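To start, the structure itself, in structure tokens.
Just so it is clear, none of the values below were taken in a lab; they were calculated from the coordinates. It should be emphasised that the depicted structure is a prediction, and the values quoted were computed from it without experimental measurement. We place every Cβ from the backbone using ideal geometry, glycine too, and count neighbours over all the protein chains shown.
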Amino acid sequence: MRKIRTGDNVLVTSGRNAGSRGIVRQNIIDRDRVVIEGVNIVKKHLKRGRARQAGIVEVEAALHVSNVRLICPACDQPTRVGIRTGPVGKNVRYCKKCDETVPQPTA
């Protein structure tokens, strides 16, 4: 079970974007990376394509998942995430600060 999922509200803890908050747009599981809305903006040089013009475009680059922390919806604090068996027998995520279960993201 992944501790950070698409749609989660996260805080960037290290790097040049430390302190930035955003919502996870994409989760690249095989490389342990996440793309966050409005964070880690880089300039990318693109060739002319069939439906696009050539030029320099600003895009969001991926960050390693270890550099972000989930923001708990209950206590609104950046926290570590634990996993335990829920009441139905499925694994659920929980906040290690307030011990509340973290609901599934709606995205």
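Some observations on this one:
- Dipole moment magnitude, nearest 20 debye, the chain about Cα centre, only Lys, Arg, Asp, Glu C-beta charged: 460 debye
- Sites ARG31 and ILE56 - FRET efficiency at Förster radius 30 Å, r taken between beta-carbons, to 0.05: 0.75
- Averaged over residues, the count of other Cβ atoms within 10 Å places the peptides 40-50, 8-18, 73-83 in the sequence 8-18, 73-83, 40-50, highest first.
- A Förster distance of 22 Å, applied to the separation of the beta-carbon atoms of ILE83 and THR6, puts the FRET efficiency at 0.80.
- Summarising the label geometry, the points placed 7 Å from Cα in the beta-carbon direction at LYS97 and ASP76 lie 1.1 nm from one another.
- Rg(Cα) / (2.2 N^0.38 Å) computed for the chain, rounded to two decimals: 1.26
- Distance in nm between pseudo-label sites at LYS43 and THR106 (7 Å out along the Cβ direction from Cα): 4.0 nm
- Packing, taken as the mean count of other beta carbons within 10 Å per residue, orders the peptides 52-65, 24-37 from highest to lowest as 24-37, 52-65.
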